[in-house]
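The values are calculated or read from the model by the stated rules, or taken from the named source; none is laboratory data. Computed from a prediction, not measured in an experiment: that's the story for all the values here. Ideal geometry is used to build each Cβ from the backbone, glycine not excepted, and the neighbour counts take in all protein chains shown.
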Amino acid sequence: MTRKISLAVALIAAVGLTLAAGPWSADWTTGITLDPNGTFLSGLESIVDLGYTTEPVIWTSYSEFQLAVGFLWQAFGVTGRLGAFEIQGDLLYGPSTTDFLYGQWIVRMQLGGVDLGFYCAQLSGAVLGGPADGFALRFAGRLGTLDIVSIAEMGARIEDEDFDGIDIVHAATGFYRPYTTDPVVPGQGFTGEKLTLSGPSLGCVGEIGTTLYADQEGFDFVSFELERIDLGVSWLTVDVDLTHELQTKSVALTPQVVLGSGILCFEPYFGIDQGTYPWEIDGITLGGLALVYTWNGVTVKDLTVLDTGRYVITTPEYGTAIEPLADAINRGHDYYADTWELLSIELIGDACCGGEYRMLVNTTFEEGSSGVFGGGMTYAEGSVGLSADIVLTGSMTVSVAGLDSLGMGIALHW
């Protein structure tokens with residue numbers, strides 16, 4: 001299948017390059033990281049992202065260099081529309097080891113109000129979990145007032161609200177590249193079916209939805225979503241997600257309270273302990289609290305984990321959110337193992353000459369820390385646009401022991 005994907009992309013590239021030349025675009029980002037406590041130069045990266053347009057197709061190339069391994073990633077991509085079809089192709093290579101790593105091919109089509117999608121992918125044996133290949137078929141349509149989404153998995157799983165795609169990880173450094181289609185087993189054959197039904201309002205509930213997922217071993221989970229519950233107060237809405245995992249007999253209940261027009265969001269995370277029977281509940285445990293305030297370019301987020309044995313806080317690469325520990329492990333998400341609280345402040349605004357500035361400060365509070373109030377690590381990063389095409393960046397990590405790292409970089413676009 002690797003050869004088929006490579007030949008298909010090469011054939012389309014040959015046809016595309018015979019068309020009239022289109023415009024080029026390029027982004028170049030480079031940065032260095034200094035470590036005052038160890039090796040002075042601990043990190044050096046350079047990323048070149050190229051785009052070339054031959055209407056109606058866009059060709060891309062992504063090259064990443066890292067100090068630890070040299071030429072880390074070389075990726076090629078193609079996206080565009082051919083008649084009624086939307087196409088996307090991706091190839092990823094590891095130049096430092098001269099390995100083909102991953103390839104995916106996505107074809108989508110809209111026909112008479114129905115969305116059809118074909119997703120296939122190939123994972124090399126050079127990647128943990130490979131070799132593997134498979135495909136998935138997605139159907140989305142409307143029957144009366146009911147929205148239906150069906151995803152049939154034939155050895156592959158695709159990214160959506162419940163599942164992640166796949167991260168190709170460089171084991172020695174932890175750097176990764178994310179993709180939509182995850183080939184989960186070698187060979188073809190049925191591996192799962194995900195069916196989602198959602199409909200219009202019922203009483204005080206704005207929208208009701210249910211999702212059912214089954215794999216080869218039987219039913220895996222069923223979830224119910226109640227969105228925009230009207231409690232009769234104009235500034236107060238509640239969203240409720242109820243998930244019942246049949247295999248593990250666990251239920252998660254996560255209501256969300258939104259005050260105003262998304263200015264203040266309060267989200268408690270409840271863990272529900274089941275009894276002997278599937279729907280028997282022995283108790284409800286409040287595992288964590290998330291409070292997010294957004295106003296005029298300022299976002300303040302406070303995440304508190306009350307049940308550290310069941311919930312964790314993920315790293316910025318995975319959303320900086322409270323997540324059940326079992327989900328973080330199953331999905332391969334990085335998280336702060338000993339952190340019980342994270343305070344984040346982000347500022348975004350307009351800089352001079354058409355640019356934009358951004359500043360982010362994350363502070364963690366950890367169990368057993370000797371810092372003030374249990375403070376652990378503070379990470380700060382910022383960027384300022386000198387123009388729409390030139391951006392200066394900087395970052396800093398400080399722990400209880402002092403300054404751990406200092407980074408600076410520049411990004412250019414033309």
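Structure values in brief
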read-out: Hits in region 153-184 (condition: of a type in the set (Phe, Trp, Tyr) and over 20 Å from residue 76 (Cα atoms)); value: 163
read-out: Any chance residue 53 is out of contact with any helix residue (DSSP H, G or I) (no Cβ under 7 Å at 6 or more places or on another chain), modelled with pLDDT under 90, not charged (D, E, K, R) and not in a strand (DSSP E or B); value: no
read-out: Pick from region 374-402, criterion in contact with a helix residue (DSSP H, G or I) (Cβ under 7 Å, 6 or more places away or on another chain) and either surrounded by 15 or more Cβ atoms within 10 Å (Cβ to Cβ) or not hydroxyl-bearing (Ser, Thr, Tyr) (or both), ranking: farthest from residue 26 (Cα to Cα); value: 386
read-out: Filtered residue count, region 85-95, keeping only those that are surrounded by fewer than 17 Cβ atoms within 10 Å (Cβ to Cβ) and farther than 14 Å from residue 118 by Cα; value: 1
read-out: Any hit, region 285-296, residues being modelled with pLDDT under 75 and part of a strand (DSSP E or B); value: no
read-out: Restricting region 299-317 to residues that are modelled with pLDDT under 85 and either among the β-branched types (Val, Ile, Thr) or in contact with a helix residue (DSSP H, G or I) (Cβ under 9 Å, 6 or more places away or on another chain) (or both), the residue that is nearest to residue 369 (Cα to Cα); value: 308
read-out: Residues located in region 166-190, provided they are outside any strand (DSSP E or B) and at pLDDT 90 or above; value: 180
read-out: Some residue of region 316-336 being of a type in the set (A, V, I, L, M), surrounded by fewer than 16 Cβ atoms within 10 Å (Cβ to Cβ) and more than 22 Å from residue 378 (Cβ to Cβ); value: yes
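Results for (1) surrounded by 14 or more Cβ atoms within 10 Å (Cβ to Cβ); (2) farther than 26 Å from residue 211 by Cα, shown as yes or no for each residue.
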position: 108; (1), (2): yes, no
position: 117; (1), (2): yes, no
position: 124; (1), (2): yes, yes
position: 128; (1), (2): no, yes
position: 150; (1), (2): yes, no
position: 154; (1), (2): yes, no
position: 163; (1), (2): yes, no
